[in-house]
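Worksheet for the structure shown next.
The values are calculated or read from the model by the stated rules, or taken from the named source; none is laboratory data. Not measured: the values here are computed from a predicted model. Note that each Cβ is placed from the backbone with ideal geometry, even for glycine, and that neighbours are counted across all protein chains shown. Heads up: the accessible areas ignore ligands, DNA and RNA and are worked out on the full protein's heavy atoms, side chains in. Shrake-Rupley method; radii C 1.70, N 1.55, O 1.52, S 1.80 Å.
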Amino acid sequence: MYLLWKYFVLGFSALLPLINPLGSALIFLGLVGAAPIDTYRALARRIAINTVIFFAVIELIGSALLGFFGISLPIMQVSGGVVIAMIGWSLLNQKDSAPNPEKTETAVVPAVTQAEIDSLKEKAFYPFTFPITAGPGCIVVMLTLSVHVTQPSLSETVLSHVGLFIAAIVLSGLIYVCYAYAPRIARSISPSTAHGILRVVAFILLCIGVQIAWNGLSELLKPLLQRS
């Protein structure tokens, strides 16, 4: 059970700042507009399910993709770790952009017709799920983590993958809540609170990236150290 919770925390903390449910919800709000609350909830449900499937596919075929392209695990760890660390560093240093509640409200004034609602439902996967909710950065992180969870025994590997999958489910639940209640959240959340949480999670993401890169670099340097 230790591995399950370990990789749940690792996957959750690594993917959370990339998905950024609160920030993505504001983008989602601007794209959907003044649709009925039932439309918001229906879209949020589809996007959450799509996100779970999206991450599950990446997690399951990640190792096969590396084998197909002839990429070794240490190289993937170094490359993925550097990318994760760079994302965390950029999030730590990005400028705060607090949304203006008045502009948010005026942006959703025009009514949405039934034809537009049907069009929105057709966009549940693209672009609402990918790339707005889970973009290329999420693919790199999930692919790196899915390779990194390989353990000496099969049971430990399964537990590690289950931990990552649970993290994806929990994140998808947060996506559903934030998207389904995006108009209410936009009017009530404190921008400073959201930015503070994002900074803490971004620092954790930076540390995770450095650790993953170091694990891969250690494996690459081990033969050289043994020869010397």
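So which of L217, L174, L205 is touching a Pro at 6+ places or on another chain (Cβ under 7 Å) and either at pLDDT 85 or above or outside any helix (DSSP H, G or I) (or both)?
Exactly one of L217, L174, L205 is touching a Pro at 6+ places or on another chain (Cβ under 7 Å) and either at pLDDT 85 or above or outside any helix (DSSP H, G or I) (or both), namely L174.
Would you call V108 open to solvent by less than 60 Å² (accessible area, probe 1.4 Å), in a loop (DSSP other than H, G, I, E, B) and either at pLDDT below 75 or out of contact with any Asp or Glu (no Cβ under 7 Å at 6 or more places or on another chain) (or both)?
Judged against the criteria, V108 is a match.
Within the bounds of the stretch 118-139, is there any residue that is surrounded by fewer than 17 Cβ atoms within 10 Å (Cβ to Cβ), over 23 Å from F54 (Cα atoms) and acidic (D, E)?
No, that holds for no residue.
If G70 meets every condition in (1) under 20 Å from G163 (Cα atoms); (2) free of Cβ contacts under 8 Å to residues at least 24 places away in the same chain apart from one, which number is that one?
Of the numbered conditions (1) under 20 Å from G163 (Cα atoms); (2) free of Cβ contacts under 8 Å to residues at least 24 places away in the same chain, the odd one out for G70 is (1).
Take the stretch 119-144 and flag every residue that is in a helix (DSSP H, G or I), over 12 Å from the mean Cα position of the chain (by Cα) and at pLDDT below 90.
T144
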